[in-house]
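Below you'll find the structure, written out as structure tokens, and then a few comments.
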Amino acid sequence: MKRVAVHARVSTTEQTCDNQLRDLRDYCRARSWEQVTEFVDAGISGTKERRPALDKLMVEVKARRVDVVVVAAFDRVKRSVRHLVGVLELFRRLGVDFIWLREQIDTASPLGAAVFTIIAAIAQLGRSLIVERVKAGLRRARAERKRLGRPRLRVDVRRLESVASRGLPVRIAARELGVSPSSYLRLVRAHIERDARAEVATHA
């Protein structure tokens, strides 16, 4: 038996989801779907990041407790084009059918499968463009001889030796030097290794 989730949303409290819900219920009845859960966001703008009902629906989808998602129109779901692409890609990956009534698209149909393919291609193109921009930035930085990565920590050696020789707890010693505990340990280790190399060179 198909586990179906329907989602309806209106942007203001003066509006009602009744029309959307009626169409959604009629559609589910026509498909003989009985296990239907309704998720309704009333008075929630389409641009808001948090939508309680939609967020709960997505939790159910990710937990694989939903087989089909039905909405009145795709703009009832999307926060942005990027968000819609992410939602559709997630549904495709989890094998969840997505139906939006106004556009008459069912991703379980051949046309819907084509939509999924297009969405996946768009998502991949977006990722590829980001990777290419990062690589181009790195190439430019190397060409301009800019230092890549985090700047190297610079701590006065005598101050480091003084703090380290007092046997303080790592967190307190790090605080005195103004660095993180992990950076303090890295500095101490590097200092010890440097001294060891110098000692070996002296006796070589």
Quiz item: In this structure, is Arg31 at pLDDT below 95 and under 14 Å from Leu101 (Cβ atoms)?
Solution: yes
Exercise. Kindly list, by first and then second residue, each pair from a residue in the stretch 1-21 that is free of Cβ contacts under 8 Å to residues at least 40 places away in the same chain to a residue that is among the hydrophobic types (A, V, I, L, M, F, W, C) and assigned to a strand (DSSP E or B), limited to pairs with Cβ atoms under 7 Å and residues at least 6 apart or on different chains.
Key: Val10/Ala42; Thr13/Ala42; Thr16/Val10; Cys17/Ala8; Cys17/Val10; Cys17/Val40; Cys17/Ala42; Leu21/Ala8
Self-check item: In the stretch 1-48, the residues that are of a type in the set (Ser, Thr, Tyr) and in a helix (DSSP H, G or I)
Solution: Tyr27
Quiz item: From the list Leu54, Leu24, which one is under 19 Å from Ala108 (Cβ atoms) and modelled with pLDDT of 85 or more?
Solution: Leu24
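Here's the yes/no breakdown for (1) of a type in the set (Ser, Thr, Tyr); (2) under 25 Å from Ala113 (Cβ atoms); (3) surrounded by 15 or more Cβ atoms within 10 Å (Cβ to Cβ); (4) in contact with a Lys or Arg (Cβ under 8 Å, 6 or more places away or on another chain):
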{"position": "Val6", "(1), (2), (3), (4)": "no, yes, yes, yes"}
{"position": "Cys17", "(1), (2), (3), (4)": "no, no, yes, yes"}
{"position": "Leu21", "(1), (2), (3), (4)": "no, no, yes, no"}
{"position": "Asp41", "(1), (2), (3), (4)": "no, no, yes, yes"}
{"position": "Arg64", "(1), (2), (3), (4)": "no, yes, no, no"}
{"position": "Ala72", "(1), (2), (3), (4)": "no, yes, yes, yes"}
{"position": "Arg82", "(1), (2), (3), (4)": "no, yes, no, no"}
{"position": "Arg92", "(1), (2), (3), (4)": "no, yes, yes, no"}
{"position": "Arg102", "(1), (2), (3), (4)": "no, yes, no, no"}
Exercise. Pick out the one residue from Val155, Val188, Val96, Val134 that is modelled with pLDDT of 80 or more and over 25 Å from Leu57 (Cβ atoms).
Key: Val188
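The values are calculated or read from the model by the stated rules, or taken from the named source; none is laboratory data. All figures in this text were calculated on a predicted structure; none of them were measured in a lab. Cβ sites come from the backbone with ideal geometry, for glycine too, and all protein chains shown count toward neighbours.
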